[in-house]
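Engineer: What follows is a single structure, and I will ask about it in a moment.
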Amino acid sequence: MHKNKYLYITLFSVLGFNTEVLSAQDTIKYAPRLVVNITIDQLRSDYLEAFTPLYGKGGFKRLLNEGLVYDNASYPFITINRASAISSIFTGVSPYYHSVVGEKWLDKETLRSVLCTEDKRKPGQDSPVQMQVSSICDELKVATDGQSKIFAIAPQKDAAILSAGHAADAAFWLDDFSGQWNTSEYYLKSLPSWLLYINELQSPKAKIQSQFWEPVFALAGTFNYYQHVGDQKPFKHVFKDERKFIEYKASGLVNTDVTDLATQCVTNNALGYDRVTDMLCLTYYAGTYDHKPVSECQMELQDTYVRIDRELSRLITALEQRLGAEHIMFVLTSTGYSDVESADYEKYHIPSGVFYINRTANLLNMYFGAIWGQGQYVETCFSNEIYLNHKLLESKRISLTDATQRAQEFISQMSGVRNVYTSLQLLSGNNLQISKIRNGFNPERNGDILIEVSPGWQLQNENTKEDYLSRASFVQFPIIIYGAGTKAERIKTPVTIDRIAPTIAKTIRIRAPNACSSEPLF
């Protein structure tokens, strides 16, 4: 009797304990097995919403209805471009810290332009070495002792390499001249066999001769969101001549290639098949055809958004069927800018003009010569920046503070100049406007004088043939997080993209990138 009583109590205790353990296991939320980071180059909220009647149910609509949507996202710096934007998304900091201020900049030692993926250590090799902090992909590799598999795919080289980071398994992009998928020896000594097969049979090179671009369906070529100025002509583009692959990469068709390679990459590298989190970084293109003004390719832009919608649906469906919706987290955002369009303001009597940066640099040098004697005080100019000759100033015992302040006073009196900033002013200023400019500035990459041209004015450099229209336009875009148990919600509170990396880090239970101090979104 007593033995049975003790046996019953013992069994009850053991069974009760096991039941609690099993119950606790059921409620544990494991980290996603696969994180898919999707950056859509030049995605805009106004276009995203305007083309809604053209979408299916599985792409944008699914993400907006079932995802956690931050409607008002922005970048904490200016000026924004594809390279600086993608670097900031993945590092969680601005160019002031990660050092990628643009797709190219001027090397202060050689005075030649340098691509953001150029590796000085090995001429001819591309790498992320110019990005001087860790990314979320790097931290995942460190946290898993190299077991995580990380791949990046993009039409453009800089987007692929900068999203992949320093420690990824590979970054793939479409070559401008061959029309095939390429990588760098920094990641792989040779292309894997599965990618060679795709290059042979499915790459743009393999299909360009028979391929043309026309609306994916009739409505995409007739629905018109824009101001109606005459009838829109149906479009049909063929890709030929030496620029055919460059044009193809700036068309709506390239997004299909990104999805095709992404699904093959997941299959051939077994991404997401175990509990060690893997990461797939994708870049889609939502800009205008061949970077033309919107007025010249309105129907093409509409069709591009429809095609991205279809590719997102295809990607999400394929990965969820393969791995299970509960095991994948999708994070989508935009590069936050759009190609600046030309505009004939003079025709409509809108204040405008041309500001010549090269002439300004020459005049500034003459001005300094009149004060301090003959010499090459201005070394060069690049974009909207002027670079001073530090060695000459030092030899003449002229302080950089004095030189930059005099330059600021001189240039600010010129027509078409809205603001002039000195490098020293950006490093010490603390108001909101200067803060955003400083965040996009890096003392190792940028010049000593930064000139902000008035809106509506053209900035031209007759030496380098640079020519762009100054426009202080705000581009609204979202941050969308979907899958892995994320609850659907629309949040109107403004947020900045530097909070994406720490949010992913918190979700997959690793450290945020080493320069990131922003708080997670949730």
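The values are calculated or read from the model by the stated rules, or taken from the named source; none is laboratory data. Predicted model, so just to flag it, every value in this text is computed and none were measured. Note that each Cβ is placed from the backbone with ideal geometry, even for glycine, and that neighbours are counted across all protein chains shown. When the accessible area is computed, the model is the full protein with side chains, heavy atoms only, and any ligands, DNA or RNA have been set aside. Shrake-Rupley method; radii C 1.70, N 1.55, O 1.52, S 1.80 Å.
Engineer: Of the conditions (1) without any contact (Cβ under 8 Å) to a residue 60 or more places away in the chain; (2) open to solvent by 50 Å² or more (accessible area, probe 1.4 Å), Ala170 clears all except one; give me its number.
Structural biologist: It fails just one condition, (2).
Engineer: Within the set of pairs 6+ apart or on separate chains, which have a first residue in the range 94-122 that is in contact (Cβ under 8 Å) with a residue 12 or more places away in the chain, a second that is among the small types (Gly, Ala, Ser) and in a loop (DSSP other than H, G, I, E, B), and C-beta atoms under 6 Å apart?
Structural biologist: Listed pairs, sorted by first residue: Pro95/Gly440; Tyr97/Ala515; Asp119/Ser127.
Engineer: Shifting gears a bit: For Tyr186, all conditions in the list (1) of a type in the set (Phe, Trp, Tyr); (2) assigned to a loop (DSSP other than H, G, I, E, B); (3) over 25 Å from Val276 (Cβ atoms) hold save one; what is the number of the exception?
Structural biologist: That leaves (3) as the condition not met.
Engineer: Being open to solvent by 20 Å² or more (accessible area, probe 1.4 Å), hydroxyl-bearing (Ser, Thr, Tyr), assigned to a helix (DSSP H, G or I) and farther than 12 Å from Phe368 by Cα is true for just one of Thr380, Thr401. Which residue is that?
Structural biologist: On the way: Thr380 fails: assigned to a helix (DSSP H, G or I).
Matching residue, one of Thr380, Thr401: Thr401.
Engineer: Oh, and also: For Asn442, are the conditions met, namely being modelled with pLDDT under 95, assigned to a loop (DSSP other than H, G, I, E, B), farther than 30 Å from Val276 by Cβ and touching a helix residue (DSSP H, G or I) at 6+ places or on another chain (Cβ under 8 Å)?
Structural biologist: Values: modelled with pLDDT under 95: no; assigned to a loop (DSSP other than H, G, I, E, B): yes; farther than 30 Å from Val276 by Cβ: yes; touching a helix residue (DSSP H, G or I) at 6+ places or on another chain (Cβ under 8 Å): yes.
No, not satisfied.
Engineer: Follow-up. Any residue in the range 490-515 that is within 13 Å of Tyr75 (Cα to Cα) sitting within a Cβ distance under 9 Å of a residue that is assigned to a loop (DSSP other than H, G, I, E, B) and aliphatic (A, V, I, L, M)? List the pairs, counting only those 6 or more apart or interchain.
Structural biologist: Val495/Leu521; Asp498/Val93; Arg499/Leu521; Ile500/Leu521
Engineer: Let me spell it out: the conditions are (1) surrounded by 14 or more Cβ atoms within 10 Å (Cβ to Cβ); (2) over 18 Å from Ile451 (Cα atoms), and Lys391 meets all of them except one. Which number is the exception?
Structural biologist: Unmet for Lys391, out of (1) surrounded by 14 or more Cβ atoms within 10 Å (Cβ to Cβ); (2) over 18 Å from Ile451 (Cα atoms): (1).
Engineer: So which residues in the range 277-286 are within 21 Å of Ser334 (Cβ to Cβ), surrounded by 24 or more Cβ atoms within 10 Å (Cβ to Cβ) and not β-branched (Val, Ile, Thr), if there are any at all?
Structural biologist: Step one: list which residues in the range 277-286 are within 21 Å of Ser334 (Cβ to Cβ), which gives 279-286.
From what's left, surrounded by 24 or more Cβ atoms within 10 Å (Cβ to Cβ): 279-285.
Matches in the range 277-286: Met279, Leu280, Cys281, Leu282, Tyr284, Tyr285.
Engineer: Take the residues in the range 416-430 that are in contact with an Asp or Glu (Cβ under 6 Å, 6 or more places away or on another chain) and surrounded by fewer than 18 Cβ atoms within 10 Å (Cβ to Cβ), then tell me which one is farthest from Glu346 (Cα to Cα). Steps first, please.
Structural biologist: Applying the first criterion (in contact with an Asp or Glu (Cβ under 6 Å, 6 or more places away or on another chain)) to the range 416-430 yields 418-419, 423.
Remaining after also requiring surrounded by fewer than 18 Cβ atoms within 10 Å (Cβ to Cβ): 418-419.
Details: Arg418: 19, Asn419: 22 Å.
Restricting to residues being in contact with an Asp or Glu (Cβ under 6 Å, 6 or more places away or on another chain) and surrounded by fewer than 18 Cβ atoms within 10 Å (Cβ to Cβ), the top hit is Asn419.
Engineer: Name the single residue that is nearest to Asn463 (Cα to Cα) among those in the range 66-118 being β-branched (Val, Ile, Thr) and in a helix (DSSP H, G or I).
Structural biologist: Applying the first criterion (β-branched (Val, Ile, Thr)) to the range 66-118 yields 69, 78-80, 86, 89, 91, 93, 100-101, 110, 114, 117.
This time we only want the ones that are in a helix (DSSP H, G or I), so: 86, 89, 91.
On the way: Ile86: 30, Ile89: 34, Thr91: 35 Å.
Restricting to residues being β-branched (Val, Ile, Thr) and in a helix (DSSP H, G or I), the top hit is Ile86.
Engineer: Only residues that are open to solvent by 10 Å² or more (accessible area, probe 1.4 Å) and on the phi < 0 side of the Ramachandran plot: list them for the range 259-276, please.
Structural biologist: Of all residues in the range 259-276, those open to solvent by 10 Å² or more (accessible area, probe 1.4 Å) come to 260, 263-264, 267-270, 273-276.
Those that are open to solvent by 10 Å² or more (accessible area, probe 1.4 Å) and on the phi < 0 side of the Ramachandran plot: Asp260, Thr263, Gln264, Thr267, Asn268, Asn269, Tyr273, Asp274, Arg275, Val276.
Engineer: Taking the range 447-479 as the region of interest, how many residues are in a loop (DSSP other than H, G, I, E, B), open to solvent by 10 Å² or more (accessible area, probe 1.4 Å) and within 19 Å of Asn365 (Cα to Cα)?
Structural biologist: 3
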